[in-house]
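Shown next, in structure tokens, is the structure this report addresses.
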Amino acid sequence: IKKIGVLTSGGDAPGMNCAVRAVVRTCLSHDIEVFGIYDGFAGLHAGKIEQLDRHSVSDVINRGGTFLGSARFPEFKEESIRKEAIKQLEKVGIEALIVIGGDGSYMGALKLSEMGYPCIGLPGTIDNDIAGTDFTIGFMTCLNTIVDAVDRLRDTSSSHNRISIVEMMGRYCGDLTLWAAIAGGSEYVIVPEKEFDEEKLIKQIQLGEEKGKKHAIVAITEHITDVNALAKRIQERTKRETRATILGHIQRGGSPMAFDRILASRMGSYAVDILMAGKSARCVGIKSGEMVDHDIVECLTEMKRPFRQDLYNLSDVLY
Ligand code: ATP
């Protein structure tokens, strides 16, 4: 293999730059030319392709976001659009593509593979919602940012004997919420994998008050309920001041922590290795500390992320 392309797609995640850097430097160490595709599949379709060298990835290891840019490009679901995208790659002579993104991006990579174009997927998303890997690139950094925010809310909540509802990202995966609840000592955890019982929550809060708790922090994943309306209802019932905080996009940004830098570096390099070994339509993961790769189709269809019931139980014990 002589020429490899790399792109980042979907929501940005801290550590994506480290993954691109690893792809570039591993390629160069094997005398493979490497090309950066800007702005995800949209940029691929538009032919925004540039050759990268060692210095293209200098000073990016500590930068959040993705210097290649990312985009949502639903048009990529159309075969005719993908055919045009493949033409752009063929124009430059790029033989294989490494796609760093979430499950939507994996679908794009899979579709290209099905059209005979070799692709490898790397899990780049803060949500940790991809099967076949214990961790996705960006999850740990995002988790740390959330815990930092929860710590700050705890200070003010306990000073005012207040109830704080904190809405966290994760889409339809409760990992960020669950892990943040344990690390941040939240009293209540509401995740999409478990049915939300508002009555039970209110009773638990009241019980906590009887136990002498000065504050209550409720960790909740986005898309479950309107947290501002929930805060109002809890305040009416408990007669305690209740505030909702939606952490929003601050969760995505920031310098990647060491864990994500190392994970991304290993995955980026591993992706080049397996392309050199002739593999295609694979996605990279980490399992019990080791690099692994799976069939993208299996990853998207049959493999399910296990819900961490052990952590859910732990959060209950530590409450
Ligand atoms: P995150 O989970 O961080 O949001 P993601 O990769 O899941 O990341 P999406 O917006 O779902 O984000 O997908 C990224 C891009 O992948 C889409 O904008 C589109 O270009 C491409 N894509 C998504 N689904 C498909 C599909 N079924 N076929 C082809 N391309 C797709």
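The values are calculated or read from the model by the stated rules, or taken from the named source; none is laboratory data. None of the values given here were measured: they were computed from a predicted structure. Surface areas here come from the heavy atoms of the whole protein model, side chains and all, with no ligands, DNA or RNA. Shrake-Rupley method; radii C 1.70, N 1.55, O 1.52, S 1.80 Å.
List of remarks:
- Using θ = phi - 60° and Karplus 6.51 cos²θ - 1.76 cosθ + 1.60, couplings along the stretch 90-96 (whole Hz; Gly, Pro as x): 5, 4, 8, x, 6, 9, 8
- Averaging the Cα positions of each part gives two centres, and for the stretch 35-82 and the stretch 141-172 these lie 33 Å apart.
- Residue-normalised accessible area of the stretch 10-111, expressed per residue, 1.4 Å probe, Å²: 42 Å²
- Within the full protein context, the accessible area of Met107 is estimated at about 80 Å² for a probe radius of 1.4 Å.
- For Glu241, the amide hydrogen comes within under 5 Å of the amide hydrogens of Ile163, counting only partners 5 or more places away or on other chains and with H modelled in the peptide plane.
- Scaled against the 2.2 N^0.38 Å expected of a compact globular protein of N residues, the Cα radius of gyration of the stretch 168-298 reads 1.44.
- Acute angle (nearest 10 degrees) that the helix 258-276 long axis makes with the longest principal axis of the chain, alpha-carbon atoms: 30 degrees
- Contact order normalised by residue count of the chain, Cα under 8 Å, 6+ apart, percent: 24 percent
- Fraction of alpha-carbon pairs over 30 Å apart in the chain - percent: 38 percent
- Between 0 and 90°, nearest 10: helix 16-29 axis offset from the chain longest Cα axis: 30 degrees
- Amide H contacts under 5 Å for Leu52: Val34, Phe35, Gly36, restricted to partners 5 or more places along the chain or on a different chain, H placed in the peptide plane at 1.01 Å from N.
- Cα pair distances exceeding 17 angstrom across the stretch 79-130, given as percent: 36 percent
- Under the criterion of Cα pairs below 8 Å and six or more residues apart, the relative contact order for the stretch 57-194 equals 15 percent.
- Beyond 29 Å in Cα-Cα separation lie the following of the pairs Lys214/Lys287; Lys77/Lys194; Lys211/Lys232: Lys214/Lys287; Lys77/Lys194.
- Normalised alpha carbon radius of gyration of the stretch 1-104 [divisor 2.2 N^0.38 Å]: 1.01
- Remark on the stretch 82-207: Rg and Dmax equal 20.5, 67 Å (Cα only).
- Taking amide H positions as modeled 1.01 Å from N, with prolines and chain starts lacking one, no residue 5 or more places away or on another chain lies under 5 Å from Met291.
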